Protein chains: 2
Amino acid sequence: MFRLDPAFEATSTPLVSLPLCDVRLQADARFPWVVLVPRIEGAIELDDLLAADRTHLLDEVLAAGRAVRGLGEALGRPVAKLNVGQLGNVTRQLHVHVVGRRPDDAAWPGPVWGHGAAEAYDGPALARALAAAREALSSGAASR
Amino acid sequence: MFRLDPAFEATSTPLVSLPLCDVRLQADARFPWVVLVPRIEGAIELDDLLAADRTHLLDEVLAAGRAVRGLGEALGRPVAKLNVGQLGNVTRQLHVHVVGRRPDDAAWPGPVWGHGAAEAYDGPALARALAAAREALSSGAASR
């Protein structure tokens, strides 16, 4: 049975459940950033997924990109470039990061992973961020 | 018409041409590392690819993972974890990194991108690395 690694609960907040993945908002207000976790027991690498699930994962990575762009707009910092990463060096359960980047962000042009300390969203900002990301996801689905 | 960004020529060596991507060996002996560049003019983000090409790209990312694992074996440093990254903050032309990681490598558990200075392969080591990566790619294709 699939169980989300508790490490994700410490660093992110549930955003939406897509057909394959739990999508979570990374608890770091420095970057519009979501994490996708496929609900596949024991998966660590991409080749642990069946081909059909890999296709779903990529579709959901694109959806996550729309969420991140919507989130960037809502934060007043439109995304200039998406970064997609599947690392798992620390938390092995298969997951994919989708991060919106800008030349004026804290880590540019380096990667965000392991860069400095996360900055928490305050309560109202978190609610706004979740709403903006969900809105971008649902309008993207409607326009397919 | 597609043209490889010259930035890749400075940092990597041609390895093989797959149906969608040019696959290149990153010129950094610290990590078994390949870069895939889809031969699609003007592509920067994943959603610049057609759905069929995205599926090809993911297939080729898996093939690159086999190349990286074969390369790690040949270097006497078997891969413990694959890292896959699509960033493009510095070189915008769409490309995907596939990197073999180990707990004893120079950047573990952080990402490799932007970590320290690349270490060149010497000539014989480069030839061995290219041969090992090509061998892993061709045996993977045969066993499909």
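Within the bounds of segment B:75-88, is there any residue that is polar (S, T, N, Q), part of a helix (DSSP H, G or I) and touching a Leu at 6+ places or on another chain (Cβ under 9 Å)? Please lay out each step first, then the result.
First, pick out the residues of segment B:75-88 that are polar (S, T, N, Q): B:83, B:86.
Still in the list and also part of a helix (DSSP H, G or I): none.
Scanning segment B:75-88 turns up no residue that is polar (S, T, N, Q), part of a helix (DSSP H, G or I) and touching a Leu at 6+ places or on another chain (Cβ under 9 Å).
Checking the structure you have, find out if any residue of segment B:100-107 is modelled with pLDDT of 95 or more, closer than 28 Å to A:ASP59 by Cβ and aliphatic (A, V, I, L, M). Full working, then the answer.
The initial filter retains those residues of segment B:100-107 that are modelled with pLDDT of 95 or more, namely B:100-107.
Now drop any that are not closer than 28 Å to A:ASP59 by Cβ, which leaves B:100-101.
If we keep only those that are aliphatic (A, V, I, L, M) as well, we get none.
No, because not a single residue in segment B:100-107 is modelled with pLDDT of 95 or more, closer than 28 Å to A:ASP59 by Cβ and aliphatic (A, V, I, L, M).
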| message | I'd like the full set of residues that are in a loop (DSSP other than H, G, I, E, B), surrounded by fewer than 18 Cβ atoms within 10 Å (Cβ to Cβ) and touching a helix residue (DSSP H, G or I) at 6+ places or on another chain (Cβ under 8 Å), limited to segment B:28-66. | response | B:ALA29, B:ILE40, B:GLY42, B:GLU45
| note | Condition set under 14 Å from B:THR11 (Cα atoms) and surrounded by 15 or more Cβ atoms within 10 Å (Cβ to Cβ), scope segment B:113-130, selection farthest from the other protein chains (Cβ to nearest Cβ): answer is B:LEU126
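Filter segment B:30-69 for residues that are more than 12 Å from B:LEU94 (Cβ to Cβ), within 14 Å of another protein chain (Cβ to nearest Cβ) and not hydrophobic (A, V, I, L, M, F, W, C) and give the result.
Start the filter on segment B:30-69 by keeping residues that are more than 12 Å from B:LEU94 (Cβ to Cβ), which leaves B:30-34, B:50-52, B:55-56, B:58-69.
Subsequent filtering for residues that are within 14 Å of another protein chain (Cβ to nearest Cβ) retains B:31, B:33, B:50-52, B:55-56, B:58-69.
Passing the criteria: B:THR55, B:HIS56, B:ASP59, B:GLU60, B:GLY65, B:ARG66, B:ARG69.
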| said: So, in segment A:70-106, exactly how many residues are of a type in the set (Gly, Ala, Ser), over 12 Å from the mean Cα position of the chain (by Cα), surrounded by 18 or more Cβ atoms within 10 Å (Cβ to Cβ) and more than 9 Å from chain B (Cβ to nearest Cβ)? | reply: 3
| query | Right, B:ALA133: loosely packed, with under 15 Cβ neighbours inside 10 Å, more than 14 Å from every other protein chain (Cβ to nearest Cβ), touching a helix residue (DSSP H, G or I) at 6+ places or on another chain (Cβ under 9 Å) and of a type outside the set (D, E, K, R) or not? | reply | no
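The values are calculated or read from the model by the stated rules, or taken from the named source; none is laboratory data. This structure is a prediction, so every number in the text was calculated from the model and none was measured. Glycine gets a Cβ as well: all are built from the backbone with ideal geometry, and neighbour counts include every protein chain shown.
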